[in-house]
Structure formats: structure tokens, C-alpha cells
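Participant: So that we are looking at the same thing, I have put the structure below in C-alpha cells.
Every number in this text was worked out from the coordinates using simple rules, so none of it is lab data. Everything quoted here is computed from the prediction, not taken from an experiment. Counting neighbours? That spans all protein chains shown, and the Cβs are built from the backbone with ideal geometry, glycine included.
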């Protein structure tokens, strides 16, 4: 029988994986150290295009070629030689093909996740839980209560081609990509208008959309970008927004004809109306010496989010946040709420009508 031991921090971040002899890996963030010697030794670290690994006394650069789901399909070394190729079944099992290069021992494969083959286990590390190649996770979804009509063990609700579950909790779909298109075009449009403050908000939202969409070419830092957008209802208009932005660039002289949103630069009118409503609600909860901020950076270390409304305590730290959300059940909103919980903040999410 094979045993694998996994160690985690309080927040679920994996810090070690080993067999019963103690052989395995130590993790500091995404940097991996080998536990095969007397003391931990650097093994590999990610960069934007793959991983840099230790090869004796030298360092070996490996470039990953990924598909639309983030799965590694080929690895090229620094000399341009293809050292590994991977073809997958829908849920991560690899095709057996003798014509494919297999000289690389890379363990980051399907969806870019680490295969636990080191421990003779055909499971992928999906952060919140381990993922099998049989369309199932090995444990219940920690957020299963939000999706009672879907099996808590099913991977992407049986649709691994159009969806990807990067953390074992919620999946992302093509809609996140369309949100990204919308926010990039809206940011460009606002820059052309001269409304740079509004553009900043859309760029921030675009970063969050990119992180949510798990697009392979987006660097890991995108997951730290500030405010999560709530414009899923406008997704289908994204392509038209892009065309309009291009047309506007040819008609800069007509910029003055644009009518600004009378309710503010961020979000649609109903969203701004809800923000005003939440501001009034926050005022009723103010204690002596406290203040209110709207759509400003959260005053807590460890986060760069910009809540719609926040109460600032007497210690100058955020005490409570209020969010106006069009789709409270969306993945992005759930991730935001989870982050607030980890920061130990009181929070309220109010659905737009």
C-alpha cells in the first residue's frame, strides 16, 4: 500500500508532501524544495512561461506550451529541444503514445496542476482537494452548499472542455473571458473620453476577470489585482464595446458629446443606486469615531480589494464591508467573500434587483 502525507497551513496552503520515509517536497508558495537530502534543497520555481529547475550545480529552464485549459501540452528546454509532449483524455488521463517525447520528468500537467505521481498516486493537486482522472474529486466540495443540484464530487459538473476548476471549489467558464473583453474595452473607451478614474476601475476589474478566467498567458500576479467586477449581465455586449472603442478613437473630436453616468464612474446606474443605499445602511451602524469609505482600497493588510462601502474603525482599519453584487452565487463573488472571511471582516453582500 502506498502512503502520501500532505501538510497544510491554517488557510489551506500546502507546505509539504512526502512519503512515509520523508522523501518528497517542501513548498514555499509556488517554489518547490526537495526533501530527498539531509536538508531541503531548491528543486524548481515557476516563471511566466514555465519553470526553472535545479540540474546538478546548474539551473535548467523549461518552457511550457499550454492549451486553452492551462494544461501543459509540450515542454521545450533552453536549447529549443522538445523534451516532453502530453495528450490528455477529458479528465486528465494521458494518452499512451510512443511517438511523443517523454524525457522530461515534469509533474505539472493537466490544467497546470501538479500530478502526485511521485507517490504512485494518479491524482492532481487542486488546492482545496485532490482531483482524480475519473471525473471526480476525492472529497466533497467545501462550497457544496452553494450548488445543491450538482454532485459535490463532480469535476466542473461534467464539462471539462468549457470549464476549469483551478482551486477545487468553483469552476470558471467562457463568460469570465467575455467579462475580460468588456472591461478592457470599457477601460479603453474611458481613456479616450478622458475619464481616467473610470478607466482605472475597469482595468482593475479586467485584472480580476483575467484571474478568474484562468487564461494560460495571464501571469500569477493577476490574482492579486483589486476589485472583482459585477458586470456579468453585460457580458454579451463586450464585443460591441470593443468595436465602439475603436470607432471612438477615430472620432476624438466628438468625445465631448458623451454623457457621463450621473451616478458615478463605476458600474451601471442600478449598481450606483445600491451603493448609495448601502452607504446609508452603513451610517446606521457607525460607532463613535468611525467613518465610511466608498469604492476605496480596503484598509487591511493582505488585500487590495476596493469594497463598494466599508466602515473604518477607530483603529483606522476596515471593520465591515458591504458589496452590491449582481450575481451573489458567482465564483468571483464567492472568492471575494472567502477572502473577507480569512481577513476576519464582518461583511454583507446585497443582490441588485
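Participant: Show log10 I(q)/I(0) for the range 267-353 at q = 0.14, 0.27 Å⁻¹, two decimals, from a solvent-free Debye sum over equal Cα scatterers.
Facilitator: Result of the Debye calculation: -0.44, -1.49.
Participant: Also, I was wondering about something else. List 171, 10 from most exposed to least, where exposure is judged by having the fewest other Cβ atoms within 10 Å.
Facilitator: Final ranking by Cβ density, sparse to dense: 10, 171.
Participant: With a 10 Å Cβ neighbour count serving as the proxy for reagent exposure, in which order, fewest first, do 296, 96 appear?
Facilitator: So the ranking, lowest neighbour count to highest, is 96, 296.
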